[in-house]
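First comes the structure, then the notes that go with it.
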Amino acid sequence: MKILNRPPAPPRSAVPTARHPEAPPGRPQRQERPDRVVPGWSVPVAVLAGTLLVGLRAARLGQWIVDDAAVTFAYARSVGEGHGFVQQPGAGPVEGYSNPAWLALLVAGRALGLLDRGAWFGISDLVLFPKALALACVAGTLACVAVVARAALAGRAWIAVLAAGALLAADHAYVVWSFSGLENALYGLAAAALGALLVRGAARLAAPGPACAAAGLALLAALTRPDGAVLAAAYPLTALLLRGRGAVRWALVNCAGFAAGYGVFLWWRHATFGRWVPNTAVAKAQQAPDLADLGKVGELLGYAGWAFVLVCVGCAGVVVARPGPPRRAVAVLCVPLGLTLLAYGALAPDWMPLYRFATPVWVLGSAVAALALTGAFAGARPRARLLLGCALAGALTLSLAGQQEQGAGFRREPTLSMCWVADRYGRTFDSYADRLALGPGAVAALPDLGGTLLSSRLRVVDVAGLTDRRIADAYAAGDKAALTRYVLREVRPELIHAHAAWPGRTGLTPARLSAAGYVPLYREENGGDWVLAAAVPGGQRRIDAVRQWAKPRIDRMRHEKHHERGRLGDCGARLTPARALTSAPRTAPPLPGPGTSARPIPLATPGAPLSRVAPATIRRDARPATVPAPAPGPAPRVPLPGPGTSARPIPLATPNPPPAPLMPAVARKAL
């Protein structure tokens, strides 16, 4: 009966229209439809779909790993084998890497048998493990975007996550450097996680939990890339921007936590390496930035596409103008985005293409763009949505066309790959040492380091200065004379390589090398491969033979690199230094007589395979040596010592004589 006595509901027209609290009193506002209820699995599926898009785009890179990443691989091998933080066994400790957090992951992977152990499915784990780790970081990055989207857009979160994944997959620069073997994917994940923490805890940011967690994530970013330390300012700026209760106090707590953690690391760095900064920063001669350096930020935005950037900025302005969760999320994410843009502008220019140091900018920018576009579409009328869709389609078309044009050079000739360096320098220089009969402990000085460290048994000196303290100091001081004096007089390497800009930058020009006693083995442009003539037994004849061997081989390798994209992978299951042909060169005294040289002549090692003997020891016009048969009769007796005889014993023929003299090359080919 109570139901029957309930007063009738008011007519539909009498229901008051919902007004936004900030709407003007005399202006009616369109009632917004509530978000549709979407399945709970929609956001995880969007994360997986975005990760798949990025992974498919990365698969087009094949087995390419940039050579700089192999330097960190070499340090991971040295640490895993117990040699310490050195580039190769026997070298001194130098911080020739700038990514200690990424190095820690590689060391852990090697300890678990996932790195530097062999091949997976016929592909080296030096390729697969870093790429698998990068894909996991991409999935974590999109999961952080999902946390932000759920806090800002609720039922439309999956749209924003999928949009962010599509934008990252379309960004060629992000895909290339995230899957290059370097730390970029981990750096992007650290930036995304910090942004998610700031957005998720924006309502109660002034608390001990968010303050300490933000300090930890900023520390992770700083240990992944030196410029990641700029993200330490993200929490204090956001807390002060939101003006929460106790914001100043917890901002100070956050700064103290980061300073404590980073201070411990700096103390360990100085105790281990004797520097407060990585040796790589010294070698690159990083200077204090000025206003002109910020022009690189405009170049970065131009790569993203000015039309697309303006559309996203307009959508972000619309979202920020409307009160609500999207407004707070976009505003908070702009804080770490602005910091990473400033850090990119302050860095010294990089010689590698496609903006290698801009990974966190792409991650945070894609998240802001996805939130702004999704929020603007959700609150727009049908006609406004149509106009916005057309503008977005045109802007994306221009952006992708510009990226395709800038990425054409990379697709035609990818940046120096680990496998190409291992073949061109590591294995080739080992062959030089074998064919030239250089002594044990031979030294090679060259600028391309990563693949060389993994594949060469020679002692390597880095003329780029990343792993050499003296050369890094010379670059920092701008003292080219000190660099050449150190290399040519103190180190005095048996083998030297320089090419492109390196002869001019290091002072190791052909004229100076010739004056120091070096002769070319292979010439390319204004540099090439050089050997110290005094270190070669056999002199010019042996050097000429090695030149004839090297020219067709290296010509073919360079043609493949410049015209066929080079060797991007498939350089063996493991990159390990080959063993020397001999532990030490065996020599015989020269025969006395006029015109003979006093320099000892190397002998072949008994039992050595014919294919591994230096071709300079075999004459093409030689004939097989014949050994006369012994005369029949009893074996001669050895005379006993007596007056006028020497006490030195005369060796008898051994039951197992050494192999016969080596056959000439013509006879060997006939066999």
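The values are calculated or read from the model by the stated rules, or taken from the named source; none is laboratory data. Predicted model only: the values in this text are computed from it and were never measured. Note that we place each Cβ from the backbone using ideal geometry, even for glycine, and neighbour counts take in every protein chain shown. The protein model used for the area step is the full one, side chains on, heavy atoms only, and it has no ligands, DNA or RNA in it. Shrake-Rupley method; radii C 1.70, N 1.55, O 1.52, S 1.80 Å.
Any idea of the accessible area per residue across the range 216-261, 1.4 Å probe, to the nearest Å²?
For the range 216-261, the per-residue accessible area is 46 Å².
Return the carbon/sulfur percentage of the accessible area of the range 406-557, one whole number, probe 1.4 Å, all protein chains in place.
Its accessible area is 50 percent carbon and sulfur atoms.
Counting only protein heavy atoms, what percent of the accessible surface of the range 59-168 is carbon or sulfur at a 1.4 Å probe?
That share works out to 67 percent.
Once phi is turned into θ = phi - 60°, what whole-Hz ³J(HN,Hα) does the Karplus curve with 6.51, -1.76 and 1.60 give for every residue of the range 456-470, x standing for Gly and Pro?
10, 8, 6, 6, 9, 10, 8, 6, 6, x, 5, 10, 10, 5, 5
Straight-line reach only, C-alpha to C-alpha below 13 angstrom: list the aspartates and glutamates that Lys296 could link to, leaving out same-chain residues fewer than 8 apart.
Asp350
For the range 556-561, just list the computed ³J(HN,Hα) in residue order, Karplus coefficients 6.51, -1.76 and 1.60, θ = phi - 60°, integers in Hz, with x standing in for Gly and Pro.
Along the range 556-561, the couplings run 5, 5, 5, 5, 4, 5 Hz.
Provide the packing ranking of 111-122, 408-419, i.e. peptides ordered by the mean count of other C-beta atoms within 10 Å per residue, highest first.
408-419, 111-122
With every protein chain present, what is the per residue accessible area of the range 330-475 (1.4 Å probe, Å²)?
33 Å²
Kindly identify the range 312-399 as rounded, prolate or oblate by the Cα gyration tensor criterion: order the square roots of the eigenvalues as a ≥ b ≥ c, call it rounded if a/c is under 1.5, otherwise compare a/b with b/c, prolate if a/b is larger, else oblate.
Judged from the Cα gyration tensor, the range 312-399 comes out oblate (a/c at least 1.5, b/c at or above a/b).
For a quick protection proxy, order the peptides 187-197, 268-278, 482-492 by their average other-Cβ count within 10 Å, most packed first.
Ranking, from highest mean packing down: 187-197, 482-492, 268-278.
Taking H placed 1.01 Å from N in the peptide plane, check which residues at least 5 places from Glu524 or on another chain put their amide H under 5 Å from its amide H.
Asp529
With θ set to phi - 60° and the Karplus curve 6.51 cos²θ - 1.76 cosθ + 1.60, what are the ³J(HN,Hα) couplings of the range 341-356 in order, to the nearest whole Hz, using x for Gly and Pro?
Per residue, the Karplus-derived 3J(HN,Hα) values read 5, 5, 5, 5, x, 7, 6, 5, x, 9, 6, 7, x, 6, 6, 4 Hz.
Summing Lys, Arg as +1 and Asp, Glu as -1, what charge do residues with Cβ under 12 Å from the Cβ of Ala481 carry, Ala481 excluded?
+3
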